[in-house]
Amino acid sequence: MITRCLFAALLLSCAVFESAAHHSRATFYDMTKVIETQGVITRVIFRNPHTRFWLEDDQGNEWTLETTPPAMLSRRGVGPDVLTVGTRVRVAGPPARSAADAMEVSNLQLPGGEEVLIQPAAKPRWSEGAIALVATEFSAVEVSAAEEAANGVFRVWSRDAGIRLVLENGYPLTESAQAAREAYDPVADNPIPGCTPKGMPMIMTNPYPFEFVDQGDEIHLRIEEYDLVRVIHMEPVTNEPLRSPLGYSVGHWDGGDLIITTTHINFMHFGSGIPLSADAELLERFTLSPNESRLDYTQTVTDPATFIEPLVGRRNWVWIPGEQVEPWNCFDT
């Protein structure tokens, strides 16, 4: 069942997550245009990183459609029981740049006439009282269990609606980093095609839930996206750490704040075509709000080969009692 709210109240009461695409949407879709079609769904792939389905229109043409990842759709009430083979739907969205019968779906009209606004910027197209995708409601049992288990930062955190990593000083790039960014091809040079996991620090911009788990001498940061686990060593190891996409992280407490320093990263991509060198060092601060409902985050990246000064970004997450870190179940197509 899809939870409803009036689109006019969307910004006040409906939390909508943005698509976590592995590429720039504008690279593959013309975001300046909107097309539409209608017909019967003939096939569905409801698996991360993107929901894909195919539709036969009234003229017998087959359309290839892509939309928000299923991990987000399911949390907003549009699960595989809604997108089913044989269901007649109407869709609209930006057309693909490389194919005539393909689009990214931003608006979906179901057989009963309900219009679902899938993308955050989507506007009602066929009705005034369109349905926006809103957060899942959890049972009293689920909420109570989450409240009982929560202990400081040790709980499941979710992205606050519309909140991304906000940079304090933009991108203070060196000349070589700026040149690399300008030469970057988002298709040919994409470092995370399909189900390839993101590394640090890019993974901390993901929009999915994560959980801090206390393991004594280690804290495990379980991230839903890619089923990743960051290991935070509360006691430094004595041997030389191996390089990895997530790097080597050492943590300590500063009052109630969790401070994490990460080095030995071999994921050489900051994001947006910006490179990262082997000398990059990442400093993170997680601060719990007084009422423990929000987790504030500061990320400082020091990398003299890429940035002329440390890059500082901020964001936050919120606690939604009952939310869980779900299996990623990625399907590489």
* Flag for Ala71 being in contact with a strand residue (DSSP E or B) (Cβ under 7 Å, 6 or more places away or on another chain), of a type in the set (A, V, I, L, M) and not in a loop (DSSP other than H, G, I, E, B) -> yes
* Only one residue in Asn107, Asn169 is surrounded by 14 or more Cβ atoms within 10 Å (Cβ to Cβ), out of contact with any helix residue (DSSP H, G or I) (no Cβ under 7 Å at 6 or more places or on another chain) and either of a type outside the set (S, T, N, Q) or at pLDDT below 95 (or both), so which one is that? -> Asn107
* Residue pairs meeting the criteria (Cβ under 8 Å; at least 6 apart or on separate chains; first closer than 17 Å to Thr64 by Cα, in the range 106-123; second aromatic (Phe, Trp, Tyr)) -> Asn107/Trp126; Gln109/Trp126
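Is it the case that Arg230 is charged (D, E, K, R) and touching a Gly at 6+ places or on another chain (Cβ under 9 Å)?
Yes.
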* What is the number of the single condition among (1) modelled with pLDDT under 90; (2) touching a strand residue (DSSP E or B) at 6+ places or on another chain (Cβ under 8 Å) that Leu221 does not meet? -> (1)
* Asked: Hey, which of the strands (runs of 3 or more DSSP E) in the range 260-314, taking only ones fully inside, have at least 3 residues that are more than 18 Å from Gln178 (Cα to Cα)?
  -> 281-288, 294-302
* **Selection status of Val231, among the hydrophobic types (A, V, I, L, M, F, W, C) and modelled with pLDDT under 95** => no
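This table checks each residue for (1) out of contact with any His (no Cβ under 8 Å at 6 or more places or on another chain); (2) modelled with pLDDT of 95 or more; (3) among the hydrophobic types (A, V, I, L, M, F, W, C).
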| residue | (1), (2), (3) |
| --- | --- |
| Leu6 | yes, no, yes |
| Ala21 | no, no, yes |
| Val34 | yes, no, yes |
| Gln38 | yes, yes, no |
| Phe46 | yes, no, yes |
| Thr67 | no, no, no |
| Arg75 | yes, no, no |
* State which residue is nearest to Trp328 (Cα to Cα) when the search covers only the range 60-86 and only residues that are buried (at least 17 other Cβ atoms within 10 Å of the Cβ) and out of contact with any Ser or Thr (no Cβ under 9 Å at 6 or more places or on another chain). => Ala71
* Going by the conditions given, is Thr262 in contact with a strand residue (DSSP E or B) (Cβ under 9 Å, 6 or more places away or on another chain), surrounded by fewer than 20 Cβ atoms within 10 Å (Cβ to Cβ) and modelled with pLDDT of 95 or more? -> no
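Can you tell me which of Glu56, Glu66 is touching a residue at least 12 places away in the same chain (Cβ under 8 Å), out of contact with any Phe, Trp or Tyr (no Cβ under 7 Å at 6 or more places or on another chain), under 30 Å from Glu137 (Cα atoms) and among the acidic types (Asp, Glu)? If you could, list the steps in order and put the result at the bottom.
Values: Glu56 fails: under 30 Å from Glu137 (Cα atoms).
None of the others qualify; the one that does is Glu66.
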* Structure fact -> Ser13 meets each of (1) modelled with pLDDT of 90 or more; (2) exposed (fewer than 14 other Cβ atoms within 10 Å of the Cβ) with one exception, condition (1)
* Asked: Hey, among the residues in the range 167-214 that are of a type in the set (A, V, I, L, M) and assigned to a helix (DSSP H, G or I), which one's farthest from the chain's Cα centre (by Cα)?
  -> Ala179
* Within the range 303-314, identify whether any single residue is under 21 Å from the mean Cα position of the chain (by Cα) and under 20 Å from Gly255 (Cα atoms), and answer yes or no. => yes
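The values are calculated or read from the model by the stated rules, or taken from the named source; none is laboratory data. Given the structure is predicted, the values throughout are model-derived calculations rather than measurements. When we count neighbours, we look across all protein chains shown, and the Cβ atoms used for this are built from the backbone with ideal geometry, even at glycine.
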